[in-house]
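Here is the structure we will look at, set down as structure tokens.
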Amino acid sequence: MRHNIRFLWSGQVIELKDVGPTETLLDYIRLRARQTGTKEGCGEGDCGACTVALGRLRDGQLVYEPVNSCILLLAQIDGCELVTIEDLSRDGTLHPIQKAFVDVHASQCGFCTPGFIMNLFTLYHRDTPGLDHQDVATWLAGNLCRCTGYRPIVEAALETCRDAANDAFSARASKTIAALEDLNDGDDIFIRSKDTGFTVSPSTIASLCAVYLQHPDATLVSGATDVGLWITKHMKELPKVILLNRIADMQEIKESPIGTHIGAGVTFAQAATVLAKQDPDLGEVLRRLGSVQVRASGTIGGNIANGSPIGDSPPLLIALGARITLRLGRVERELPLEDFFIDYGKQDIAESEVLTGIFVPRLDANQVFRAYKVSKRFDQDISAVMAAFRFSLVKDRVVDARIAYGGMAGTPKRAAHCETALIGASISNETSWQSAVTALESDFTPLTDMRASNTYRMDVAKALLTKALLEVGGSTTTQTRVTGHREREVRDVA
């Protein structure tokens, strides 16, 4: 067991023993290290001004990912390379991203500029020769600029990020990999703070369960994209924190002929590509979940465990028939994901029990899937209504349906009456499934809040079901969608 965190910064190994449970990476950078190029804007992971890059080993390869340092906890960067805006220029020579910003006048007041540059630094290291305007727009969705305008910023990205990386970081990549391999020793970390508080970063599920049994009052932190706001906005005191990001078994993705096991600590960025292979709508929805910074930190397990009725991933996974694994000490149990959500703020999880993994079944040959997210803002916004549909068809008849909505109740919830009403309906005959659309009124009594009225939510829920059925029945997505178009499915209905 270690009593410090260790990370690489500017080619040096930094060791810190005095790390508070709620100390953020941004506070360390600005207040302790006195590197003030990284800015604090919103303090909640929305504006991107605080973006820094973390170098991590992914399958033996060095990958730079952008993170919001304002909500990431300092102890979470153990075993990583930290890159801030001050690290980019060398001996008076600007980094290619910095030079492009100067050349195309991509900065005015400059407050947001370090965050943009650090985000694009990670894109620069992605080797994306086919990069286009939409790719850049998606990558920069988590960075806000109020005065320059995005055109020159996108231009700077297109000028620099299409070629393979050629900077000091790519030149010393092999040395960085070796250094990170040395740092990742597999030890548990325990750092005592004032009074009886502590930060624990276990390396195995067994260690996690053991310490959580002893301290059931501790707060589990996976990606900190939610818990970070408890600290910065709600000013919560969290004296005992258990970090989950170093547990190898919870970072694994295992694909098999029957489905995919996703560790609860797998980030959205890691899971998106794998899930998108199942169906393109999964990739499209996850592309709009938060920002690239949020997806690099936020985890599938965290999105489930916090029990939010408006989380984007639970409706997707419920419609696919996902099951979750929970562990208490050495005892494991499995249950359907929809049974995990009991009521608003209440989940089927015991004291000291931990969500460790999710199993997502593959779609059968006779199954089709659709998913849609409706929000006020296209990028980086919380859903007003989230809908996911899995239909099992024989010829053009619906023989089974799994329909899940978010934002329509106090929990992510299946539409049981609607599912029943769909059985036997002809996918090519709109009249045969109109009763199922109406049945949604028996399944949900949505609330009115700042995102949408109850009437709007019900109208949208019905419209999304209609859209899904029309698409599966043969309508092209150019008729039904503004974005996220997909190839038309040709079905044998004879």
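In region 189-243, the alpha-carbon atoms span a convex hull of 79 Å³ per residue. In terms of overall dimensions, the chain has a Cα radius of gyration and Dmax of 23.4, 73 angstrom.
The simple spin-label model puts a point 7 Å past each Cα toward its Cβ; for Ala210 and Asp348 those points are separated by 3.0 nm. In a reduced charge model with +1 at each Lys and Arg Cβ and -1 at each Asp and Glu Cβ, the chain shows a dipole moment near 480 debye about its Cα centre.
At a 1.4 Å probe radius, carbon and sulfur cover how many percent of the accessible area of the chain?
Details: 10570 of 20910 Å².
Of the solvent-accessible surface of the chain, carbon and sulfur hold 51 percent.
So how strong a dipole does region 354-409 carry about its Cα centre when Lys and Arg Cβ are +1 and Asp and Glu Cβ are -1, to the nearest 20 debye? About 80 debye. Just how far, in whole angstrom, is region 374-434 from region 81-97 if you go by their alpha carbon centroids? What the calculation gives is 49 Å, centre to centre.
When ligands, DNA and RNA are left out and all protein chains stay put, how many square angstrom of accessible area per residue does region 1-186 have with a 1.4 Å probe? Walk me through the numbers before you get to the answer.
Values: 7940 Å² over 186 residues.
Counting only protein heavy atoms, the per-residue value for region 1-186 is 43 Å².
If you plug the beta carbon distance of His485 and Asp167 into 1/(1 + (r/R0)^6) with R0 = 30 Å, you get a FRET efficiency near 0.25. Between Arg330 and Cys109, the modelled label-to-label distance comes to 5.9 nm, taking each label 7 Å out from Cα in the direction of the beta carbon. With Cα atoms defining each centre, region 221-278 and region 437-470 are spaced 30 Å apart in the structure. Once the Cα-Cα distance is subtracted from the 0.36 nm per residue extended length, the Thr466 to Lys233 segment shows a gain of 79.9 nm. Summed over qualifying helices (DSSP H, 4 residues or more, each -39500 (n - 2.57)) and divided by its residue number, the chain shows a 222 nm mean residue ellipticity of -9000 deg cm²/dmol. Taken as Cα centroids, region 172-205 and region 32-65 sit 18 Å apart, rounded to the nearest whole angstrom. Model label points for Cys147 and Asp132, set 7 angstrom from Cα along the Cα-to-Cβ axis, are 3.4 nm apart. Once region 367-480 is represented by equal point scatterers at the alpha-carbon sites, with solvent omitted, what log10 I(q)/I(0) does the Debye formula produce at q = 0.16 Å⁻¹? Summing over Cα pairs of region 367-480 leads to -0.69.
If you add up the charges near Phe341, with Lys and Arg at +1 and Asp and Glu at -1, over every other residue whose beta carbon is less than 13 angstrom from its beta carbon, what do you get? Summing Lys/Arg as +1 and Asp/Glu as -1 gives -1.
Applying a threshold of 25 Å to the alpha-carbon distances of Lys233/Lys413; Lys236/Lys413; Lys240/Lys346; Lys175/Lys254; Lys194/Lys236; Lys39/Lys346 flags Lys233/Lys413; Lys236/Lys413; Lys175/Lys254; Lys39/Lys346 as lying beyond it. The stretch between Leu447 and Asn366 holds 25.6 nm of extra length on full extension. This uses 0.36 nm per residue minus the Cα-Cα distance.
Using 0.36 nm times the number of residues separating Gln12 and Thr36, minus their current alpha carbon distance, what extension gain do you get? Kindly include the intermediate steps, with their values, before the conclusion.
Working: separation 24, 0.36 × 24 = 8.64 nm, distance 1.92 nm.
Full-extension gain reported as 6.7 nm.
If R0 equals 22 Å, the separation of the Cβ atoms of Arg377 and Lys277 corresponds to a calculated FRET efficiency of about 0.20. A dipole drawn for region 367-480 from +1 and -1 charges on Cβ atoms has a positive end, and of Gly474, Gly410, Asn454 the residue lying farthest that way is Gly410.
Cβ-Cβ distance of Thr93 and Asn184, R₀ of 35 Å, FRET efficiency by 1/(1 + (r/R0)^6): the value works out to about 0.65. Shown are Arg370, Arg30, whose ranking by accessible area with a 1.4 Å probe and every protein chain present, most to least, is Arg30, Arg370.
The values are calculated or read from the model by the stated rules, or taken from the named source; none is laboratory data. This is a predicted model, so every value here is computed, not measured. Neighbour counts run over all protein chains shown; Cβ positions are idealised from the backbone, glycine included. Surface accessibility is based on the protein's heavy atoms, side chains included, excluding ligands, DNA and RNA. Shrake-Rupley method; radii C 1.70, N 1.55, O 1.52, S 1.80 Å.
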